[in-house]
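The values are calculated or read from the model by the stated rules, or taken from the named source; none is laboratory data. Remember, it's a predicted structure, so these values are computed and weren't measured experimentally. Cβ: placed from backbone, ideal geometry, glycine included. Neighbour counts: every protein chain shown. For accessibility, only protein heavy atoms count, side chains too; no ligands or nucleic acids. Shrake-Rupley method; radii C 1.70, N 1.55, O 1.52, S 1.80 Å.
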Amino acid sequence: MVLSLCQNLNLMAKYPAIFLDRDGTIIEDNDYINNTLDIVFFPYTFKALKLLQKHFLLFVITNQSGISKGLISESEVQEVNKYITEYLKTKGITIFDTFYCPHSNEDNCTCKKPRPYFLFKAAQLYNVDLTKSFIIGDHPSDVECGINAGVTPIYLLSGHGRKHLDELLYNSRICNNLSDASGFILSTIK
Ligand SMILES: [Mg+2]
Ligand SMILES: [Zn+2]
């Protein structure tokens, strides 16, 4: 009886999440990565994600327009994503799911950031409380995606962040990198 009550409560619980951009956020932005050899994790990524996963479910949400443009194949992107998840697993870090948009702007799809599609999808699939969640990325579209989903955005100056800083249209906390962002997020929940 007690157990089933706990299980029910657990099912009803809503979990806060961190929606991580991939390129320029957890790994270096090496343009259209089609090969696991080109994956370069930032040195601080592992510690930052380990700290964050104590309080948040971790997801990766990435725009991969190189697929639509014919520069990389969908299976290459899947392979790279899989490698990232598996490598993080060896470091004790669990990525609950990875979502990628294969489209370019011309496709006018429903899923490319800044559209909130994948955040809503993750919320539905994994019982995420978006109001207690964060999105972290190095592009203004990451911030806009967070605003569109009711998720707190954090803009990073790593990756392409510095280059696109003057295109940032929405109010957002700005952090140097994922390490600083994790420090800030953890300070808000203590
Ligand atoms: Mg990025
Ligand atoms: Zn899309």
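The conditions of being outside any helix (DSSP H, G or I), open to solvent by 20 Å² or more (accessible area, probe 1.4 Å) and within 9 Å of ligand 2 (Cβ to nearest atom) are not met by T98. Taken over the range 24-49, the residue count meeting the criterion of being in contact (Cβ under 8 Å) with a residue 60 or more places away in the chain, within 15 Å of ligand 1 (Cβ to nearest atom) and open to solvent by 20 Å² or more (accessible area, probe 1.4 Å) is 3. For the range 137-190, a residue qualifies if it is open to solvent by less than 60 Å² (accessible area, probe 1.4 Å), among the hydrophobic types (A, V, I, L, M, F, W, C), away from ligand 2 (no atom under 16 Å from the Cβ) and under 16 Å from Y117 (Cα atoms), and the qualifying residues are V143, V151. Each residue in the range 34-45 was checked for being at pLDDT 95 or above and either part of a loop (DSSP other than H, G, I, E, B) or under 11 Å from the mean Cα position of the chain (by Cα) (or both), and 5 of them qualify. Tallying residues that are open to solvent by 80 Å² or more (accessible area, probe 1.4 Å), of a type outside the set (A, V, I, L, M, F, W, C) and more than 16 Å from ligand 1 (Cβ to nearest atom) within the range 101-124 yields 5. Filter the range 138-178 down to the residues that are assigned to a loop (DSSP other than H, G, I, E, B) and closer than 15 Å to F42 by Cα, then identify the one that is farthest from ligand 1 (Cβ to nearest atom). Checked the range 138-178; the qualifying residue farthest from ligand 1 (Cβ to nearest atom) is N176. Of all residues assigned to the range 74-94, none qualifies as being more than 15 Å from ligand 2 (Cβ to nearest atom) and assigned to a strand (DSSP E or B). One residue stands out among those in the range 1-23 that are in contact with a helix residue (DSSP H, G or I) (Cβ under 9 Å, 6 or more places away or on another chain) and open to solvent by 60 Å² or more (accessible area, probe 1.4 Å): the one that is modelled with the highest pLDDT, which is Y15.
In the condition set (1) open to solvent by 20 Å² or more (accessible area, probe 1.4 Å); (2) out of contact with any helix residue (DSSP H, G or I) (no Cβ under 8 Å at 6 or more places or on another chain), N127 is compliant with all but (2). Taking first residues from the range 95-113 that are in contact (Cβ under 8 Å) with a residue 40 or more places away in the chain and partners that are open to solvent by 60 Å² or more (accessible area, probe 1.4 Å) and within 16 Å of ligand 1 (Cβ to nearest atom), the Cβ contacts under 9 Å between residues at least 6 apart in sequence or on separate chains come to K112/N105; K113/H139.
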